[in-house]
Ligand code: C2E
Ligand code: MG
Ligand code: MG
Ligand code: MG
């Protein structure tokens, strides 16, 4: 606490909050130079076919190897990068790096079906940058086929998208690039509306998969955090099954996030989910670790 006007006041002097604010400022001010200094790296997490357990593609997830704070996960800096606009150059770096890596795997493993790479795209990249020409340029430079690139956008990024963003999605889709809706089910979009957009994949938010766990295998709580308590809705499995059926009838494929147990995977397979992603199969890993997963079931 700080003294002011001779009176003790509990103000502004929460050291923890102050430290937090200073860290935020320190991070924000160094985002742009950090891109130039090469402090960012991508990890890749397998997207696995539920039927055969084969890796079909990977999601690229950015990390910041910060000289002072160590390895930072995206929830520490993506919000800041969106606020100050550095998400645009950072996002371009992520796209180029992910496409180059996907092409490299393809050339290194000519006998395996090529992996697709899925890249997270922030709203601001669709609004403030020339996403379409950036993507076209990066595909041309890296030699990656457009159908091997998937872009993940959140519901809020595409809902009510009209004009420029919708045109961008349409142009990307016309190029052959796949568009996925990330964290589906956490917002308010409806499937009928989404199906009229150039979207081909739904990524079901992890909270749905956790919902099954609560109801059916609470004992099988992999990380012991009682995560099931987040969504104690006994109807979840029925809801997810109906969503998958509707998505399929609308021509979309479905990926489930946060698959942590084999019981969850079995249930997802039974209700028709196409692809799974989660710790059951693999955590996000550096690119050299992906090569070893290509020819095997994970
Ligand atoms: P997301 O796109 O929904 O990515 C999935 C997140 O879930 C990743 O967290 C991943 O490590 C985590 N995850 C994967 N499997 C499991 C599991 O079985 N259980 C649990 N509990 N978690 C799992 P991460 O890497 O910390 O990324 C967080 C978010 O940051 C991402 O969520 C995405 O929205 C954003 N992000 C990551 N990379 C980028 C990027 O290059 N650009 C942009 N704009 N956003 C990014
Ligand atoms: Mg994602
Ligand atoms: Mg997601
Ligand atoms: Mg998520």
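The values are calculated or read from the model by the stated rules, or taken from the named source; none is laboratory data. Here the structure is a predicted model, which means the values were calculated and not measured. Glycine also receives a Cβ, built like all others from the backbone with ideal geometry; neighbour counts cover every protein chain displayed.
Structure data summary
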read-out: Residues located in the stretch 267-288, provided they are more than 19 Å from residue 52 (Cβ to Cβ) and touching a residue at least 40 places away in the same chain (Cβ under 8 Å); value: 279, 283, 284, 285, 286, 287
read-out: Complete set of residues in the stretch 275-294 that are more than 16 Å from ligand 2 (Cβ to nearest atom), in a loop (DSSP other than H, G, I, E, B) and surrounded by 14 or more Cβ atoms within 10 Å (Cβ to Cβ); value: 280, 293, 294
read-out: Considering residues of the stretch 62-76 that are assigned to a strand (DSSP E or B) and touching a residue at least 12 places away in the same chain (Cβ under 8 Å) only, the residue nearest to ligand 3 (Cβ to nearest atom); value: 62
read-out: Hey, residue 116 in contact with a helix residue (DSSP H, G or I) (Cβ under 7 Å, 6 or more places away or on another chain) and either more than 20 Å from residue 156 (Cα to Cα) or free of Cβ contacts under 8 Å to residues at least 40 places away in the same chain (or both) or not; value: yes
read-out: Hits in the stretch 103-123 - residues which are part of a helix (DSSP H, G or I) and under 21 Å from residue 35 (Cα atoms); value: 123
read-out: Hey, residue 64 at pLDDT 95 or above, away from ligand 2 (no atom under 16 Å from the Cβ) and under 23 Å from residue 203 (Cβ atoms) or not; value: no
read-out: Unmet requirement for residue 168, which otherwise passes all of (1) surrounded by fewer than 21 Cβ atoms within 10 Å (Cβ to Cβ); (2) in a helix (DSSP H, G or I); value: (1)
read-out: Given (1) in contact with a strand residue (DSSP E or B) (Cβ under 6 Å, 6 or more places away or on another chain); (2) at pLDDT below 95; (3) under 17 Å from residue 47 (Cα atoms), index of the condition residue 154 fails; value: (3)
read-out: Residue list for the stretch 137-155, restricted to those being in a loop (DSSP other than H, G, I, E, B) and more than 19 Å from residue 198 (Cα to Cα); value: 143, 144
read-out: Filter result for residue 147 (under 18 Å from residue 120 (Cβ atoms), modelled with pLDDT of 95 or more and within 21 Å of the chain's Cα centre (by Cα)); value: no
read-out: Selected residue (only one of 54, 92 is out of contact with any strand residue (DSSP E or B) (no Cβ under 9 Å at 6 or more places or on another chain), surrounded by 16 or more Cβ atoms within 10 Å (Cβ to Cβ) and closer than 19 Å to residue 150 by Cβ); value: 92
read-out: Residue in the stretch 254-271 that is at pLDDT 95 or above, within 16 Å of ligand 2 (Cβ to nearest atom) and out of contact with any helix residue (DSSP H, G or I) (no Cβ under 7 Å at 6 or more places or on another chain) present; value: yes
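Yes/no per residue for (1) within 16 Å of ligand 2 (Cβ to nearest atom); (2) free of Cβ contacts under 8 Å to residues at least 24 places away in the same chain; (3) crowded, with 21+ Cβ neighbours inside 10 Å; (4) part of a helix (DSSP H, G or I):
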site	(1), (2), (3), (4)
60	yes, no, yes, no
96	no, no, no, yes
125	yes, no, yes, yes
132	no, no, no, yes
135	no, no, yes, yes
